[in-house]
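One structure below.
The values are calculated or read from the model by the stated rules, or taken from the named source; none is laboratory data. What you are looking at is a predicted structure, and each value in this text was computed from that prediction instead of being measured. Every residue, glycine as well, gets a Cβ built from its backbone with ideal geometry; the counts of neighbours run over all protein chains shown. The accessibility values were calculated without ligands, DNA or RNA, using every heavy atom of the protein model including side chains. Shrake-Rupley method; radii C 1.70, N 1.55, O 1.52, S 1.80 Å.
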Amino acid sequence: MRQTEDVQRAVQAVAVAVTPVEYGQRGYHLLVELENGRVRDFARIMHDQGYFIGFVTAVHVAPAIEVRYQFAHFDRQSRVMGFTTVDAAGAVPTIADIFPGANWHERETRDFYGVVFTGHPNLEPLILPEEDVDLKPLLKSEKNLKDAAAVRWPEPKVAEDTAAAPAAKE
Amino acid sequence: MMESLMPELIRMVVAAVLVVAFVFLNAMIMGYLERKLSAHIQRRPGLMEVGPHGILQLLIDGLKLIGKQLVIPEKSDHFLFRLAPVLSFAPVVLPFIVIPFSRKLVIRDLDVGLIFILAISSLNVLTILVAGWSSNNKYSLFGAVRSVAQNISYEIPMLLSLLAVVLMTGTFSLQGIVAAQGKIWFFLIQPIAFITYIIAGVAETNRAPFDLPEAESELTAGYHTEYSGMGFSLFMLAEYANMFIVCSIATTLFLGGWRGIPLPFGDYSGIIWFFLKVYGLMVFLVWIRWTYPRTRFDQLMNFCWKYLIPFALVNVLVTAVLVKVL
Amino acid sequence: MSEAQAPLHHRFHLNMGPQHPSTHGVLRVILEMDGEYVLNPQPVLGYGHRMQEKMAEARAWPGFYPNTARMDYAGALHYNHGYCALIERLAGIEVPPRAEYIRVITSELNRIASHLLWYGALLLDLGAFTPILYTFDDREQILDILEDITGSRLTYCYFRAGGVSRDIDDKFVERTRAFITRLRSRFPMLEKLVNGNVIFLKRVEGVGIIDKDMCQRYGATGPVARGAGVPYDVRRAEPYSVYPEFDFEIPVGENGDSLDRFLVRFKEMEQSLRIIEQALDRLPDGPVMAKVPKKLKLSPGDVSFAVEAARGELTYYLISDGTEVPYRMRIRVPSYSNLSVLPELCHGMLLSDLVAAMGSLDLVIPEIDR
């Protein structure tokens, strides 16, 4: 889709990798891998392009927690998924000043994973009680922790499914 | 000395007992009517369980409320907190002294009857303030503050609308005003005053759409948030008694009081007519309450100061001029 | 409007909730006030938190079906729908057309039920007690219809990956048609009861204005965004199920105030009726369940699925590691984003307006807390 290409070009500058993906298979159009420090630039581009914030969340994989951002657009069919890994201190820059809607999502992510969003205006517990600061319910135990590669779409299968999925879904 | 005092004393005691009994009875009738009418407005049967059509429900509710523990918030002003519901009772009992129920049935027909009622019933706002303040609860305080502002504002158009009638009759005595309505009832001559009075009356009794002091969705229960058991029910009694007083003033001043088509009950027909009219008006108030949403506080005040008071003032002026000319 | 520069000693905190008549559940809002003016409302969440996302990670994917309905009790079928469609997308399951039609019909019925409930609740917030009992009357009909087919009245667990658990019968079709006629005849009354009422209009007109920019920054969707004039509806924007086959409009407002949100939801009910009518007319025959293996391993990878729930865009986002048990499940609920607007929306408002504005957002608290 042409509109997605526009975004792709804009995001290319700040991203490590930008991959258009099959919507019928994954439910979003663009996968953007980001460097930890470029998250705010990415969010700014999303804001300027008129995207609204879907959600911010994280997933606990080895070696480091991944923070994921989803954006969608009011006027065109385009859903963008960005992800980055936390740095050594377990931190990621906040986007709450660019998208105030991310404020709560970031606080919730911090509740569940302990990810620190640097520069966040009010990183208090949102859902969990204040007393249980060490309770990080969504962190995986040693036994269940998977490698980041284990939760990616398998590379060769993408090509196969791209052909099969639209026929199955559309 | 004693001979002249004794009958008077007995008379007072009997009157006091009757009035207090009536206040309770009125609350029961109105409680039942309100719940039953609101149920039918909302297309549900309402009270059905206790007695035929739930008629004994209010008796049971009363017993329950009497039996309930009176919870007093720890940080409230205990003395004022207990005093407020009791205080709220006095101003609603006293006006019954001058209300003419029929040609003969009136406890005491004072020359300044109307002023007496208005003076006494404006004390009511004080008890609400005491209740709200002593509860040491922000919602209660909100309710109390709203109530004070509202009641004081709406007393002005209320007074002005009544003044128009007083100008026409030249008396403050309620019996005198009823007597003056022999030919025509005043709501026909003074429609603006009548409407103004009803609106102000709804506001004075804190009933929807002007029930801001106890706005449930904003202030939980307003000034009586912290009251339970009998404390709460005394406020309820006072509210219904207040409604009765407001409606009986309306009846006396605008609807011809106890006058009506003669019924075959002799002197009693006046009482019947009086109660019919008063309860008719009260049912009207209930009907309004269950039909309309609540206004906002600033809208309520604007309405009073920008519309009601000017209209009522003009009405008084016109009346005064006409009375002088005719 | 009172200014934020009000002297500090005039300010005080008012604690609204978690048990308050107009927070509809267990939402708590700490209001910083200056007299009757709200300076800074801060919602406090978590009183109804059940950690649904963790539950999803702790069991094989079919075990999460009943949980979906427990989030939004007023529009549970949309949550069913989103979850099943997500699994279907990940596993590449094709749903028989009859099942898709049944999903659309029941989902739209559920949407109407949710809007009817909200209609009464908003009016209740504004101090009118009676309308909610009128709308409950209509809503009851929907619940009865859905109860017959799904087995539950509120927390449905009706959709399955690959179809629906039970076929509908002629009685269902008949009753639904009767309901459409009934509700159509009731609309003018519901409208007359409220929309022409001066007190109501004065309470909602110009109160709580949310514009497009605000929707974008906060991710507010559904009737909140549509009230602001954004014609965004997932049923159109990212068509799913058989929605592209139906003719319906997306009502939008102009000013983005509480009245617009009210009118948008009111018109949406009519559009939902239209969709149901068309779906009933074209209801195909056939099976209602695709062949899905009993034990289905999900292929590794991430997948997202958005549906239009009664309150806005609902997105399920699942990360799978190739086992039966989802590795990570994220549920983006519409009320969460819609409520996050509150501090900006209600700054400097009267307390009564805050209640009206909050009512017009149509919040379901267990959905926010999850």
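Report, by residue number, each residue of region B:188-198 that is over 19 Å from the mean Cα position of the chain (by Cα) and in a helix (DSSP H, G or I). Working first, answer last.
Here is the first cut: in region B:188-198, the residues over 19 Å from the mean Cα position of the chain (by Cα) are B:188-192.
Result: B:Leu188, B:Ile189, B:Pro191, B:Ile192.
Is at least one residue of region C:6-20 within 15 Å of C:Leu363 (Cα to Cα) and in contact (Cβ under 8 Å) with a residue 60 or more places away in the chain?
no
If you take the residues of region B:28-44 that are touching a Phe, Trp or Tyr at 6+ places or on another chain (Cβ under 8 Å) and facing chain C (nearest Cβ under 7 Å), which of them is most open to solvent (accessible area, probe 1.4 Å)?
Checking each candidate, the answer is B:Arg43.
Could you count how many residues in region A:17-65 are open to solvent by 30 Å² or more (accessible area, probe 1.4 Å), away from chain C (no Cβ under 14 Å) and not acidic (Asp, Glu)?
7
State whether the residues of region A:115-128 include one that is among the acidic types (Asp, Glu) and touching a strand residue (DSSP E or B) at 6+ places or on another chain (Cβ under 9 Å). If you could, list the steps in order and put the result at the bottom.
Restricting attention to region A:115-128, the residues satisfying the condition of being among the acidic types (Asp, Glu) are A:124.
So of that shortlist, the ones also touching a strand residue (DSSP E or B) at 6+ places or on another chain (Cβ under 9 Å) come out as none.
No; the residues of region A:115-128 include none that is among the acidic types (Asp, Glu) and touching a strand residue (DSSP E or B) at 6+ places or on another chain (Cβ under 9 Å).
Of all residues in region C:264-282, how many are farther than 19 Å from C:Tyr119 by Cα, open to solvent by less than 40 Å² (accessible area, probe 1.4 Å) and not β-branched (Val, Ile, Thr)? Spell out how you get there, then give the answer.
So the first thing to find is which residues in region C:264-282 are farther than 19 Å from C:Tyr119 by Cα, and the list is C:274-282.
Subsequent filtering for residues that are open to solvent by less than 40 Å² (accessible area, probe 1.4 Å) retains C:275-276, C:278-280.
With the extra rule that they be not β-branched (Val, Ile, Thr), the set shrinks to C:278-280.
Going through region C:264-282 one residue at a time, the tally reaches 3.
Where in region C:1-117 are the strands (runs of 3 or more DSSP E), entirely inside, with at least 2 residues that are in contact with a Phe, Trp or Tyr (Cβ under 7 Å, 6 or more places away or on another chain) and open to solvent by 30 Å² or more (accessible area, probe 1.4 Å)?
Numbers: elements: C:11-16, C:28-34, C:37-44.
No strands (runs of 3 or more DSSP E) qualify here.
Looking at (1) open to solvent by 10 Å² or more (accessible area, probe 1.4 Å); (2) modelled with pLDDT of 85 or more; (3) outside any helix (DSSP H, G or I), which one does C:Pro343 not meet, given that it meets all the others?
(3)
What do you reckon, is B:Leu87 under 26 Å from B:Phe303 (Cα atoms), without any contact (Cβ under 8 Å) to a residue 60 or more places away in the chain and open to solvent by 60 Å² or more (accessible area, probe 1.4 Å)? Before you say what the answer is, go through the steps one by one.
Details: under 26 Å from B:Phe303 (Cα atoms): no; without any contact (Cβ under 8 Å) to a residue 60 or more places away in the chain: yes; open to solvent by 60 Å² or more (accessible area, probe 1.4 Å): yes.
No; evaluated as a whole, the condition is false for this residue.
For residues that are touching a residue at least 24 places away in the same chain (Cβ under 8 Å) and outside any strand (DSSP E or B), scanning just region C:307-331, find the one that is farthest from the other protein chains (Cβ to nearest Cβ).
C:Ala310
Within region A:71-91, take every residue that is out of contact with any helix residue (DSSP H, G or I) (no Cβ under 6 Å at 6 or more places or on another chain) and more than 21 Å from C:Pro231 (Cβ to Cβ) and give me the one that is most open to solvent (accessible area, probe 1.4 Å).
A:Ala88
Say we look at region C:280-338 and pick out the residues that are of a type in the set (Phe, Trp, Tyr) and within 19 Å of A:Ser78 (Cα to Cα); which of these is farthest from the chain's Cα centre (by Cα)?
Narrowing region C:280-338 to residues of a type in the set (Phe, Trp, Tyr): C:305, C:316-317, C:327, C:336.
Within this subset, residues satisfying the condition of being within 19 Å of A:Ser78 (Cα to Cα) are C:305, C:316-317.
Working: C:Phe305: 16, C:Tyr316: 14, C:Tyr317: 18 Å.
Checked region C:280-338; the qualifying residue farthest from the chain's Cα centre (by Cα) is C:Tyr317.
If you take just the helices (runs of 4 or more DSSP H) that sit entirely in region C:179-263, which of them hold at least 1 residues that are of a type outside the set (A, V, I, L, M) and surrounded by 23 or more Cβ atoms within 10 Å (Cβ to Cβ)?
Values: elements: C:198-204, C:212-218, C:223-227, C:234-237.
Here the list reads C:198-204, C:212-218, C:223-227.
Filtering region B:234-254 down to residues that are polar (S, T, N, Q) and open to solvent by less than 10 Å² (accessible area, probe 1.4 Å), which residue is farthest from C:Pro21 (Cα to Cα)? Outline the logic, then answer.
So the first thing to find is which residues in region B:234-254 are polar (S, T, N, Q), and the list is B:242, B:248, B:251-252.
Subsequent filtering for residues that are open to solvent by less than 10 Å² (accessible area, probe 1.4 Å) retains B:248, B:251-252.
Values: B:Ser248: 34, B:Thr251: 37, B:Thr252: 39 Å.
It comes out as B:Thr252.
Among the residues of region A:126-141, is there at least one that is β-branched (Val, Ile, Thr) and crowded, with 24+ Cβ neighbours inside 10 Å? It would help to see each step written out before you state the result.
Our first condition is that a residue be β-branched (Val, Ile, Thr); within region A:126-141, this holds for A:127, A:133.
With crowded, with 24+ Cβ neighbours inside 10 Å added as a condition, the list becomes none.
Checking region A:126-141: not a single residue is β-branched (Val, Ile, Thr) and crowded, with 24+ Cβ neighbours inside 10 Å.
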